[in-house]
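Below: one structure, written as structure tokens.
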Amino acid sequence: MSKRHIQGLTVECVQGDIANQPDVDAVANAANAQLMPGGGVAGALHKAAGPGLAEECRPLAPINPGHAVITGAHNLPNSHVIHCLGPVHGRDEPSEELLSSCYRRALELAEEKGLTSVAFPSISTGAFGFPMERAARIAVRTVVEQAPHLSSVKLVRFVLFSKKDQSVFAHALEERAD
Ligand code: ADP
């Protein structure tokens, strides 16, 4: 686990499962445009949340790359899920801006709800094919840049599935926070 304190915001990178983060208010979903269950993060979150999550999502879909919507968390151990649609690598442009927008909008939604903690997976780096090192730099940079604008959110946790991905994010955080 790697941790930094930046202007009142704690930013962590941990190895783990985004569907098992009981100590945060909201978890972010690396969603598809239809906000439906699928593979990867969306599959894990919908499975743990139960069918009520897809039902709540249906009228909110489709969403565009770079956008985010917030719902309840159903059977997940959180209060909310923030569904972010990342860019498909090589298709949705400008990809870096769209990926950054996911994290920024998710944090704006968390602020609107007065949430204090949000866990993010690495958006776009699975089925959507975004290179991990670049995605990590963009994710960390966006969260650090938002730190001065956050009042209710005090903790942002990046949850990476593999040890290798966790160390890529930890490295990006070290570079950014120095
Ligand atoms: P996208 O479609 O946005 O690329 P994916 O869900 O396919 O989203 O993958 C995003 C990232 O999340 C990948 O790096 C993948 O290894 C990781 N991942 C997959 N399942 C989980 C999980 N349960 N918890 C945390 N990270 C996960």
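Okay, here's what the table says:
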item: Per-region count, the stretch 51-84, residues open to solvent by 30 Å² or more (accessible area, probe 1.4 Å) and assigned to a loop (DSSP other than H, G, I, E, B); result: 8
item: Unique match (being free of Cβ contacts under 8 Å to residues at least 12 places away in the same chain, of a type outside the set (S, T, N, Q) and within 16 Å of the ligand (Cβ to nearest atom)) among ARG137, ARG157, ARG105, ARG91; result: ARG91
item: Residue ID - farthest from THR10 (Cα to Cα), chosen from residues in the stretch 88-107 that are in contact with a Ser or Thr (Cβ under 7 Å, 6 or more places away or on another chain) and crowded, with 24+ Cβ neighbours inside 10 Å; result: LEU99
item: Condition met for SER167 (touching a residue at least 12 places away in the same chain (Cβ under 8 Å) and hydroxyl-bearing (Ser, Thr, Tyr)); result: no
item: ALA33 among the small types (Gly, Ala, Ser) and assigned to a helix (DSSP H, G or I); result: no
item: Boolean, VAL81 is touching a residue at least 24 places away in the same chain (Cβ under 8 Å), away from the ligand (no atom under 12 Å from the Cβ), within 20 Å of SER152 (Cβ to Cβ) and of a type outside the set (S, T, N, Q); result: yes
item: Of all residues making up the stretch 113-134, the number that are more than 10 Å from the ligand (Cβ to nearest atom), more than 14 Å from the chain's Cα centre (by Cα) and either closer than 20 Å to GLY43 by Cα or in a helix (DSSP H, G or I) (or both); result: 2
item: Residue that is in contact (Cβ under 8 Å) with a residue 60 or more places away in the chain, among the aliphatic types (A, V, I, L, M) and either surrounded by fewer than 23 Cβ atoms within 10 Å (Cβ to Cβ) or assigned to a helix (DSSP H, G or I) (or both), where the choices are ALA110, ALA28, ALA48; result: ALA110
item: Breaking point among (1) over 15 Å from TYR103 (Cβ atoms); (2) not in a strand (DSSP E or B), for VAL41; result: (1)
item: Test for ALA48: is it within 11 Å of the ligand (Cβ to nearest atom) and either among the basic types (Lys, Arg) or modelled with pLDDT of 95 or more (or both); result: yes
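The values are calculated or read from the model by the stated rules, or taken from the named source; none is laboratory data. Keep in mind that what you see is a predicted model, and the values were worked out from it rather than measured. Note that we place each Cβ from the backbone using ideal geometry, even for glycine, and neighbour counts take in every protein chain shown. What goes into the accessible areas is simple: the full protein's heavy atoms, side chains included, and nothing from ligands, DNA or RNA. Shrake-Rupley method; radii C 1.70, N 1.55, O 1.52, S 1.80 Å.
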